[in-house]
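J.: Just passing along the structure, written as structure tokens.
We did not get these values from a lab; they are worked out from the coordinates using the rules stated. Just so it is clear, the model here is predicted, and its values are computed rather than measured. Neighbour counts run over all protein chains shown; Cβ positions are idealised from the backbone, glycine included.
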């Protein structure tokens with residue numbers, strides 16, 4: 001307890017330095033929290049599109065396939081071992097879908113009925129790489145008149161997700177390095193101010209760890225404070241932007257984020273804050289004690 005009291009006494013004596021350290025940590029962990037939430041959301045968007053039909057085959061308009069014809073096509077695709085989902089949409093179902101999408105436009109509803117709509121087979125693959133093979137098998141099936149292929153959409157999303165990850169990791173690495181350097185500098189200045197006091201402690205037999213602990217706890221305080229505040233700010237930003245996210249991604253269940261995930265993110269932030277703060281303080285004290 002005396003070590004913790006000493007740490008808080010040191011923080012109270014230099015409030016502006018402490019505020020600067022916490023603000024730097026806050027910025028770092030705010031960026032980490034935002035990046036984590038964006039990555040989670042991006043993964044859900046990608047999973048949504050991967051689960052959606054990726055290849056759609058259209059057949060002769062107004063003429064449904066028989067159960068036997070559907071089964072033959074399905075078995076042919078299943079033999080690849082890459083088929084994730086298979087769905088047949090009849091002309092009547094196509095009409096119902098069309099009417100639901102255009103229910104606010106009576107003129108369009110009058111012009112279209114099931115007799116001029118094609119039945120279709122919608123499939124999705126277990127992996128993006130197997131889509132071309134499934135597409136080729138599907139388009140060679142009897143009666144196929146047109147193919148809609150959505151591989152580019154999923155590939156573009158995957159590429160964007162990779163770029164977001166690389167960019168986010170680069171920014172976070174830079175901010176973490178900056179936080180560590182700033183805390184090292186601030187702790188180093190405090191050590192210089194207390195240089196004579198530390199030398200006296202060493203002369204009367206104080207161990208290096210006895211000298212280190214107050215500074216380590218101070219660094220941990222900066223790290224955990226910044227981590228908690230950064231997480232809190234990211235959570236408030238998420239809550240504030242929830243209506244906007246819902247309007248943009250109405251069909252994708254992105255929000256609300258489960259409380260368990262936010263709690264896990266908080267724990268991860270606090271753990272990382274302890275590591276970063278303790279490491280920076282340890283490096284600063286170690287450099288002084290080595291002299």
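J.: Does anyone have the angle between helix 259-290 and the longest principal axis of the chain? Alpha-carbon axes, 0 to 90°, nearest 10?
T.: Roughly 30 degrees between the two axes.
J.: Please give, to one decimal in nm, the separation of the simple spin-label points placed at residue 204 and residue 14, each 7 Å out from Cα toward the Cβ.
T.: 2.2
J.: 7 Å from Cα along Cα→Cβ at both residue 174 and residue 146: what's the point-to-point distance in nm?
T.: The two pseudo-label positions are separated by 4.7 nm.
J.: Another question, then. At what distance in angstrom do the alpha carbon centres of the stretch 233-279 and the stretch 46-101 lie from each other?
T.: Going from one Cα centre to the other spans 37 Å.
J.: Also, I was wondering about something else. Given the C-alpha atoms of the chain, compute the convex hull and give its volume per residue in Å³.
T.: 173
J.: Just 263, 27, 254 to compare: in a GNM of the chain, with alpha carbon springs under 10 Å, which one fluctuates most?
T.: 263
J.: By how many degrees, between 0 and 90 and to the nearest 10, does the Cα long axis of helix 2-13 differ from the longest principal axis of the chain?
T.: 90
J.: While we're here: Express in nm, to one decimal, how much length is gained between residue 161 and residue 235 on full extension, taking 0.36 nm for each residue of separation and deducting their alpha carbon distance.
T.: 24.5 nm
J.: Another one. Starting with the highest mean, order 180-187, 93-100 by the number of other Cβ atoms within 10 Å, averaged over the residues of each peptide.
T.: Descending mean neighbour count gives 180-187, 93-100.
J.: Okay, next question. With angles folded into 0 to 90 degrees, how steeply does helix 91-101 sit against the dominant principal axis of the chain? Use alpha carbons for both and round to 10.
T.: With rounding to tens, the tilt is 50 degrees.
J.: With a 10 Å radius around each residue's Cβ, average the other Cβ atoms per peptide and rank 236-243, 17-24, highest first.
T.: 17-24, 236-243
J.: Taking 0.36 nm per residue of sequence separation and subtracting the Cα-Cα distance, how much length would be gained by fully extending the chain between residue 257 and residue 181, in nm to one decimal?
T.: 24.0 nm
J.: Same structure, new question: What does the helix-only formula give at 222 nm for the chain: each DSSP H stretch with n ≥ 4 adding -39500 (n - 2.57), the total divided by the residues, and the result rounded to the nearest 500 deg cm²/dmol?
T.: Only helices count here, giving -25500 deg cm²/dmol.
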